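Trainee: Okay, here's the structure, questions in a sec.
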Amino acid sequence: MTRLNIGKILSICIYLFLFSFPYNLNAQTDWVRWEGKETFYQLPATHNHDYTVDKSSFGMILLSVLRNTYYFFISDLDGDNCPFEPSCSAFFLQSVKETSIIKGTLMFADRFTRDLNFFKGMNHYALLASKKFSDPAYNYTLHSAKIKF
Amino acid sequence: MKIRFTAILLLSTFLFTAKAQDHLLIQSDYANNLFNSKQYYDAITEYKRLQFFDSTKTFNYEINYKIGECYKAGAKYDDAVKYFSFAELSARNEDEHFDSKTQIIRTNILRRTTDRALQLCDELEKDQRFNGKSDQINYWRGWAFILADNWEYAAKSFAKINSNHELKILAEQTDKAKVSVTFAKVISYILPGAGAIYSGKILSGLMSIGWNLLSGYWTVNSFIEDRVFDGVVVAELVWLRFYRGAIQNAEEFALEKNLEVSNKSLRYLQNEYKGIKP
Amino acid sequence: MKTKTNKRFIVAFFFLIVLLNTANCQLPTAGNIFSPQNRLQFGNFLYKDRDYLRAAEEFKEYLKNESNDTIVFRLANSYFKIGLFTEAVDNFKGLFFGSQLSEEARLLFYETIFFRNDYKSLRELADEKNYSSSKFAKEIERLKYMSYFFDNSALPDENLVLKNFPDTVQSRLVNFYQQKKFPQHKSPTTAAILSTFIPGAGKIYTGEVGDGITSLIATALTTYLAVTNFNADHQFRGWLFSGLAAFFYAGNIYGSAASAQIYNARIQFNFNKEVKLFFEQRNYFLPKIDY
């Protein structure tokens, strides 16, 4: 035994022992099962005005038609002037849909006044990726449960 | 004596690993079947299981590479890049090293992190081990430019492979079909609405011209009739609004037109092109 | 000489066999990869790697054939980590009786209900004797009183809430308690009434000074224009500007009330954020438990 190279045996032991450790991967975050997903090469299109007519009631159809007329003859031609998202016309329609024509008009009047404020940037509006102020209609319905930040 | 000792050592090691290898091969086939049937999440589980039990790290490269492919198929590009990087580290030869590196480039292309993809292409080009693979590098460089919507540079990259390369011709045609955004804006400064007509939106352009003429007439008429306040209000709230709008629309329509042209080519590449895609 | 060499050879050979077998035991046996033991080893590896969903699947398979409280605990903890709170609660409950991990399981049971935002149930269950923990009674009590900061239930007495927390955080908690009990809200009715008398005053009351001044100017200007046009016998313009003045006036009254509501909602939102951050930074005063 003494004539055997103990160093050789020791190095073999270490060699075999080291192989018992599995490769330590970094932490995983696959905490939900997922499926394969196709990647689309196409670039995202720019968002133009939505001309869809809301058919939920006669009033909404009428308002949608009026809105589309405004879009076609004026809004599509005078550029992007509204600093808010949704725009004032879309806000008006959303307000009327959420509440009623009278309350919706009052909400729109308030929105129009806020739009006139030169220092609106100092208010607490969240800034969206499109560099517009987030000002959704559901925050102004006087139902505190609907307010979201 | 030494020979006997060495022989016994080798034999025992061989016997020890041979049995385990059978099970690992079966596991590898199982994982590959899951991958081929597009059950990527489960495939990753089985590849990880294989990796855990593969104490000799025989399958390390293939496992990391396959896990990377699974994540790529699930559009989880950050994880895909991570595993392709592991594959690169465990590559056993130059081909494996190159393959894993190109997969990282392809994943960056899909993730639209073009700068990183181009940087990696440059690194590969400078690496003297891959001097004979410049065609592949230029191919992926071209794809990086395509998905970054830079068709001119894409054409140049494909031209380095072959002056009649299918993708070079496509890139050149796409670049030629685009309109000039600057030109559209400039002509709209001179004649509001002209830029829209140049970009193909004739009705919008004519309406812009109409509004500008009408509001211009109102403004001038107001000043002629000494209604200065009315003139200022009409000029500010109507004429200037439609003038600015025409210029904005000229730019927007030109960009939209160019986007349509790009997307047409990208749709072709996605659905009809038969070559290797990212 | 030859006999001595052979003896050395045999000893070395057996030593080698023993060594290889030991190594074999150390290594995960690739014999049957899907055996319960191997599933357990792989599951533990995934668990340490924070791949909890996969780990949970391995533990589930293992527990079909074997019984192990530590693994049940790990399974429940995996579900907890990935937000599958119902499964976590069910598995923690399974360790309540007859397990060495009973106390820890009870604490994590309450923790899971807390993070499920089911504060009402938490408070009801905290008084359940069957579910209580002698080792972690304080922590559970703390969770119970912490939950009052996260929902709209009526706050109990200040001393009752604060006595469960360490002295070092008492001043902060007193502050939170006062903010929760007496929030600095603005009244929508007051805002609307102020705007009725002075257009824009309601908006200024709720902190929107710019909007208030804009409303005042818009209403005043359109009213002035209406009056001057009527005086100049321009009927159409007079009525136009009157309509606009009424539009701005009515819109401002409505907007002032809405503004007060948004102000109150913002206070609540900021308070919730601050409280959550405070408790998160202190790990909700809970010990870190893992097996």
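The values are calculated or read from the model by the stated rules, or taken from the named source; none is laboratory data. Computed from a predicted model, the values in this text were never measured in an experiment. Quick reminder, even Gly has a Cβ in these numbers, built from the backbone with ideal geometry, and neighbours come from all protein chains shown.
Trainee: Run B:ILE161 past the list (1) part of a helix (DSSP H, G or I); (2) without any contact (Cβ under 8 Å) to a residue 40 or more places away in the chain; (3) in contact with a helix residue (DSSP H, G or I) (Cβ under 7 Å, 6 or more places away or on another chain) and report the number of the one that doesn't hold.
Mentor: It fails just one condition, (1).
Trainee: Could you check, for region C:42-49, whether at least one of its residues is more than 21 Å from the chain's Cα centre (by Cα), of a type in the set (Lys, Arg) and surrounded by fewer than 17 Cβ atoms within 10 Å (Cβ to Cβ)?
Mentor: yes
Trainee: Tell me, please, whether a residue that is surrounded by 14 or more Cβ atoms within 10 Å (Cβ to Cβ), more than 25 Å from B:TYR243 (Cα to Cα) and in contact with a Gly (Cβ under 6 Å, 6 or more places away or on another chain) can be found in region A:115-128.
Mentor: So far as region A:115-128 goes, no, none of its residues is surrounded by 14 or more Cβ atoms within 10 Å (Cβ to Cβ), more than 25 Å from B:TYR243 (Cα to Cα) and in contact with a Gly (Cβ under 6 Å, 6 or more places away or on another chain).
Trainee: Residues B:ALA159, B:ALA87, B:ALA73: which one is buried (at least 19 other Cβ atoms within 10 Å of the Cβ) and modelled with pLDDT of 95 or more?
Mentor: Details: B:ALA159 fails: buried (at least 19 other Cβ atoms within 10 Å of the Cβ); B:ALA73 fails: buried (at least 19 other Cβ atoms within 10 Å of the Cβ).
When all the criteria are applied, what remains is B:ALA87.
Trainee: From B:PHE35, B:PHE5, B:PHE14, grab the single residue that is assigned to a helix (DSSP H, G or I) and either modelled with pLDDT of 95 or more or within 30 Å of B:PHE130 (Cα to Cα) (or both). Explain how you work it out, then say what you get.
Mentor: Values: B:PHE5 fails: either modelled with pLDDT of 95 or more or within 30 Å of B:PHE130 (Cα to Cα) (or both); B:PHE14 fails: either modelled with pLDDT of 95 or more or within 30 Å of B:PHE130 (Cα to Cα) (or both).
Every option except B:PHE35 fails the conditions.
Trainee: Would you check if B:TYR153 is assigned to a helix (DSSP H, G or I), under 29 Å from B:SER262 (Cα atoms) and among the hydroxyl-bearing types (Ser, Thr, Tyr)?
Mentor: Spelling it out, B:TYR153 is indeed assigned to a helix (DSSP H, G or I), under 29 Å from B:SER262 (Cα atoms) and among the hydroxyl-bearing types (Ser, Thr, Tyr).
Trainee: Return the residues of region A:122-145 that are of a type in the set (Lys, Arg) and in contact (Cβ under 8 Å) with a residue 40 or more places away in the chain; say none if nothing qualifies. Let's see the steps before the verdict.
Mentor: Kept after step one, since they are of a type in the set (Lys, Arg), are these residues of region A:122-145: A:131-132.
A:LYS132, the sole residue that qualifies.
Trainee: In region C:133-149, which residue that is in a loop (DSSP other than H, G, I, E, B) and crowded, with 16+ Cβ neighbours inside 10 Å is nearest to the chain's Cα centre (by Cα)?
Mentor: So in region C:133-149, the residues in a loop (DSSP other than H, G, I, E, B) come out as C:133-136.
Those still in the list that are crowded, with 16+ Cβ neighbours inside 10 Å too: C:133, C:136.
On the way: C:SER133: 23, C:PHE136: 21 Å.
Ranking the qualifying residues of region C:133-149, first place goes to C:PHE136.
Trainee: What are the residues in region A:97-128 that are within 23 Å of the chain's Cα centre (by Cα), more than 7 Å from chain C (Cβ to nearest Cβ), at pLDDT below 95 and part of a helix (DSSP H, G or I), if any?
Mentor: Listed by number, the residues that qualify are A:LYS97, A:GLU98, A:ASP115, A:GLY121.
Trainee: Another one. Can you confirm whether A:LEU77 is on the phi < 0 side of the Ramachandran plot, buried (at least 19 other Cβ atoms within 10 Å of the Cβ) and more than 10 Å from chain C (Cβ to nearest Cβ)?
Mentor: Working: on the phi < 0 side of the Ramachandran plot: yes; buried (at least 19 other Cβ atoms within 10 Å of the Cβ): yes; more than 10 Å from chain C (Cβ to nearest Cβ): yes.
Taking the combined requirement at face value, the residue satisfies it.
Trainee: For region C:200-216: of the residues being of a type outside the set (Gly, Ala, Ser) and touching a residue at least 12 places away in the same chain (Cβ under 8 Å), which is surrounded by the most Cβ atoms within 10 Å (Cβ to Cβ)?
Mentor: Here the answer is C:LYS203.
Trainee: Give B:GLY195, B:GLY216 a once-over and let me know the one that is assigned by TED's automatic domain parsing to the domain that holds B:GLU252 and within 30 Å of B:LEU259 (Cα to Cα). Quick ask: steps written out before the conclusion?
Mentor: Details: B:GLY216 fails: within 30 Å of B:LEU259 (Cα to Cα).
Exactly one residue qualifies, and that residue is B:GLY195.
Trainee: Another one. Can you confirm whether region B:49-69 contains a residue that is without any contact (Cβ under 8 Å) to a residue 12 or more places away in the chain and either within 12 Å of chain A (Cβ to nearest Cβ) or touching a Leu at 6+ places or on another chain (Cβ under 8 Å) (or both)?
Mentor: Yes.
Trainee: Let me ask you something else. Would you list the helices (runs of 4 or more DSSP H) that sit entirely within region B:191-256 and hold 3 or more residues that are surrounded by fewer than 21 Cβ atoms within 10 Å (Cβ to Cβ)?
Mentor: B:202-224, B:228-234
Trainee: Among the residues of region C:217-251, write down those that are of a type in the set (A, V, I, L, M, F, W, C) and either over 52 Å from the mean Cα position of the chain (by Cα) or more than 19 Å from A:LEU106 (Cβ to Cβ) (or both). Please lay out each step first, then the result.
Mentor: Taking region C:217-251 first, the residues of a type in the set (A, V, I, L, M, F, W, C) are C:217-218, C:220-221, C:225-227, C:230, C:232, C:236, C:239-241, C:244-248, C:250.
Within region C:217-251, C:ILE217, C:ALA220, C:LEU221, C:LEU225, C:ALA226, C:VAL227, C:PHE230, C:ALA232, C:PHE236, C:TRP239, C:LEU240, C:PHE241 qualify.
Here is a yes/no grid of residues against (1) among the hydrophobic types (A, V, I, L, M, F, W, C); (2) assigned to a helix (DSSP H, G or I); (3) in contact with an Asp or Glu (Cβ under 6 Å, 6 or more places away or on another chain); (4) over 29 Å from A:TRP31 (Cα atoms):
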{"position": "B:TYR71", "(1), (2), (3), (4)": "no, yes, yes, no"}
{"position": "B:ASP78", "(1), (2), (3), (4)": "no, yes, no, no"}
{"position": "B:VAL81", "(1), (2), (3), (4)": "yes, yes, no, no"}
{"position": "B:GLU88", "(1), (2), (3), (4)": "no, yes, no, no"}
{"position": "B:PHE98", "(1), (2), (3), (4)": "yes, yes, no, yes"}
{"position": "B:ASP115", "(1), (2), (3), (4)": "no, yes, no, yes"}
{"position": "B:CYS121", "(1), (2), (3), (4)": "yes, yes, no, yes"}
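Trainee: Got at least one residue in region C:166-177 being more than 12 Å from chain A (Cβ to nearest Cβ) and in a loop (DSSP other than H, G, I, E, B)?
Mentor: For region C:166-177, residues more than 12 Å from chain A (Cβ to nearest Cβ) and in a loop (DSSP other than H, G, I, E, B): present.
Trainee: Next question. Residues that are among the acidic types (Asp, Glu), buried (at least 18 other Cβ atoms within 10 Å of the Cβ), modelled with pLDDT of 90 or more and touching a strand residue (DSSP E or B) at 6+ places or on another chain (Cβ under 9 Å): does region A:133-147 have at least one?
Mentor: yes
Here is a yes/no grid of residues against (1) more than 13 Å from chain A (Cβ to nearest Cβ); (2) farther than 30 Å from A:PRO44 by Cα:
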{"position": "B:GLY216", "(1), (2)": "yes, yes"}
{"position": "B:SER222", "(1), (2)": "yes, yes"}
{"position": "B:TRP239", "(1), (2)": "no, yes"}
{"position": "B:PHE242", "(1), (2)": "no, no"}
{"position": "B:LEU259", "(1), (2)": "no, no"}
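Trainee: Scan region B:47-57 and tell me whether some residue there is over 17 Å from C:PHE34 (Cβ atoms), part of a helix (DSSP H, G or I) and touching a helix residue (DSSP H, G or I) at 6+ places or on another chain (Cβ under 7 Å).
Mentor: Scanning region B:47-57, I find no residue that is over 17 Å from C:PHE34 (Cβ atoms), part of a helix (DSSP H, G or I) and touching a helix residue (DSSP H, G or I) at 6+ places or on another chain (Cβ under 7 Å), so the answer is no.
Residue-by-condition table, conditions (1) within 11 Å of chain A (Cβ to nearest Cβ); (2) of a type in the set (Ser, Thr, Tyr); (3) assigned to a helix (DSSP H, G or I):
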residue	(1), (2), (3)
C:PHE248	yes, no, yes
C:ALA258	yes, no, yes
C:PHE269	yes, no, yes
C:LYS276	no, no, yes
C:LYS288	no, no, no
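Trainee: Could you tell me whether any residue of region C:205-224 is in contact with a helix residue (DSSP H, G or I) (Cβ under 8 Å, 6 or more places away or on another chain) and of a type in the set (Asp, Glu)?
Mentor: yes
Trainee: What do you reckon, is B:THR102 touching a helix residue (DSSP H, G or I) at 6+ places or on another chain (Cβ under 7 Å) and more than 9 Å from chain A (Cβ to nearest Cβ)?
Mentor: Answer is yes for this residue.
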